[in-house]
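Working notes for the structure below.
The values are calculated or read from the model by the stated rules, or taken from the named source; none is laboratory data. Given the structure is predicted, the values throughout are model-derived calculations rather than measurements. Quick reminder, even Gly has a Cβ in these numbers, built from the backbone with ideal geometry, and neighbours come from all protein chains shown. What goes into the accessible areas is simple: the full protein's heavy atoms, side chains included, and nothing from ligands, DNA or RNA. Shrake-Rupley method; radii C 1.70, N 1.55, O 1.52, S 1.80 Å.
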Amino acid sequence: MPYVDFNFYTNTYFGEEVENSDFARLEARACDKIDELTYYRVQRRGLSKYNDFIQLQVKKAVCAQIEYFIEMGGTSASAINSPLNFDTVSIGRTSVKSNGLNTNSSSGDGVDKNMYSPDAIKYLEITGLLYAGVGVFR
């Protein structure tokens, strides 16, 4: 179930330009990433079950993730982690060529940190949806 529509993305969030025909695909991939970050809480419970502030933050996070995909040139780990335009760096007579491997892209737990928009994470931090612990009831 989509969290944002094209109208919200363009007229409320004022996101980067995207074709209406590409929006559904980008939004679906962005929702997948936001669901991963929030441990699928929003997907299981439903966005409408949260208060207006959290709903807005989740929508902004999805929009930020869409922008991130656009800026990074793809929605897959291989597209985002590819060296693209920084294959070779030259300073004066010294040149360094990338081997095509991005060794800093994954953490030890197998999570690809580069797949998540830093802005999306910022939008979600205040909501409590990123909390991975267990609640305590007294």
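For segment 8-22, the set of residues classified as within 11 Å of F69 (Cβ to Cβ) and part of a helix (DSSP H, G or I) consists of D22 only. In segment 45-71, of all residues being of a type in the set (S, T, N, Q) and not in a loop (DSSP other than H, G, I, E, B), the one that is nearest to Y123 (Cα to Cα) corresponds to Q57.
Which of the residues belonging to segment 1-12 are open to solvent by less than 40 Å² (accessible area, probe 1.4 Å) and closer than 24 Å to N114 by Cα? Steps first, answer last, please.
Going residue by residue through segment 1-12, those that are open to solvent by less than 40 Å² (accessible area, probe 1.4 Å) are 3-4, 8-9.
Scanning segment 1-12 gives Y3, V4, Y9.
Give V89, V42 a once-over and let me know the one that is modelled with pLDDT of 95 or more and either in a helix (DSSP H, G or I) or surrounded by fewer than 17 Cβ atoms within 10 Å (Cβ to Cβ) (or both). Answer to the check: V42.
For segment 23-39, a residue qualifies if it is open to solvent by 40 Å² or more (accessible area, probe 1.4 Å) and assigned to a helix (DSSP H, G or I), and the qualifying residues are A24, R25, R29, D32, E36. Being modelled with pLDDT under 80 and open to solvent by 40 Å² or more (accessible area, probe 1.4 Å) is a condition met by no residue of segment 57-72.
Of everything in segment 109-138 that is part of a loop (DSSP other than H, G, I, E, B) and open to solvent by 90 Å² or more (accessible area, probe 1.4 Å), the residue that is modelled with the lowest pLDDT is D109.
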